[in-house]
Every structure is written in structure tokens, then in C-alpha cells.
1. Please give every one of the aspartates and glutamates within straight-line cross-link reach of residue 95, meaning a C-alpha to C-alpha distance under 12 Å, and leave out same-chain neighbours fewer than 8 residues apart.
2. Scan (1) 50, 33, 27; (2) 59, 39, 22; (3) 73, 35, 31 for the value of Cα extents along the principal axes in Å calculated from this model and give just the label.
3. For the range 89-128, give the magnitude of the charge dipole about the Cα centre (Cβ charges: +1 Lys/Arg, -1 Asp/Glu; no others), in debye to the nearest 20.
4. Return the FRET efficiency for the residue pair residue 80, residue 3: r is the Cβ-Cβ distance, R0 is 22 Å, and the value is rounded to the nearest 0.05.
5. Taking amide hydrogens as modeled 1.01 Å from N in the peptide plane, which residues meet the under 5 Å criterion relative to residue 39, leaving out close sequence neighbours?
6. Calculate for the chain the 222 nm mean residue ellipticity that helices alone would give, adding -39,500 (n - 2.57) per DSSP H run of length 4 or more and normalising by residue count, nearest 500 deg cm²/dmol.
7. Quick check on the range 89-128: take the gyration tensor over C-alpha atoms, sort the square-rooted eigenvalues as a ≥ b ≥ c, and tell me if it's rounded (a/c under 1.5), prolate or oblate.
8. Treating cross-link reach as a plain straight distance, find the lysines whose alpha-carbon is under 23 Å from the alpha-carbon of residue 40, omitting any fewer than eight places away in the same chain.
Amino acid sequence: MSATVNRQIVRIDEERCTGCGLCVSPCAEGAIEIVDGKAKVIREELCDGAGFCLGVCPTGALTIEVREALPFDHEAAEPIIAEKQKTYIPQRCFKCDADEDQVPLVPVCQQGRSEWVCTRCLPALIHG
């Protein structure tokens, strides 16, 4: 086992987690799974700390923390990413329906729902 390093990693607050599973799909490396009805980082070496899972959590149960953790394992993540690519369905902007292969998307909370919005629609969402 590798020595730990100080790095960013996802933290999941079990008290706030409802087990909805919305955070599982954005984790391309497969670090998050639903276990006993709650989201869990099942292998910290697969969590790259990028935080794509954060914005889709409707309860705010996910945060990024800096702590001692196993280093990110690129080699272990590669086959998981490749497997997920087989069933990849691009996320879509809730405003214009553009998908993430056409334009960058960012997660937003809109009227209590976790949604994706494209960078073209985001300014209008912010400024009205």
C-alpha cells in the first residue's frame, strides 16, 4: 500500500446524505457508490478531488477537504473510466438542451433541484 499524502478528497456527511445517488454518475473514476443507503467514497485512491460530484448533491452533503489520503491512482482509474464510457450518456443543459459534448456544463441548484446549465445559458441565469 502506498504512503499517504496531503491532498484534496471528497468528504460525504452521512447525516445530510439521503442516498439519492446523484453523485455517483459524475464520478468518472468510480470512487463513490451507494452503500447501505448512503453515498460513500469506497476507494479514496480513486477520488481525484475534482469535485464534479459536489454540485449535483441536493442536500449539500459533499464537500472537498484537504487531508491525508492515499495518492490518486491513475492506473486503477483507467479501466473504470473506460468501462463507464461504454454506457456514457451526456448531461444536458436544462435551459437550451445542449449536451456536455457540445459546450461545457456546470452544476447548479435551481428551485431546489440539482441541474446542469451550459456556459452559454449561465450568464442569463445569473443576471436574469
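1. Here the aspartates and glutamates satisfying the reach criterion relative to residue 95 are 115.
2. Of the labelled values, this structure produces (1).
3. 160
4. Using R0 = 22 Å, I get an efficiency of 0.45.
5. Sorted by chain and number, the residues that satisfy this are 19.
6. -4000 deg cm²/dmol
7. Oblate shape, in that a/c is at least 1.5 and b/c is the bigger or equal ratio.
8. Once the sequence-local lysines are set aside, what remains near residue 40 is 84.
Just so you know, all these numbers are worked out from the coordinates, no wet-lab data involved. Because the structure is predicted, anything quoted here is derived from the model rather than measured. Using ideal geometry, Cβ is built from the backbone for each residue, glycine included, and neighbour counts are taken over all protein chains shown.
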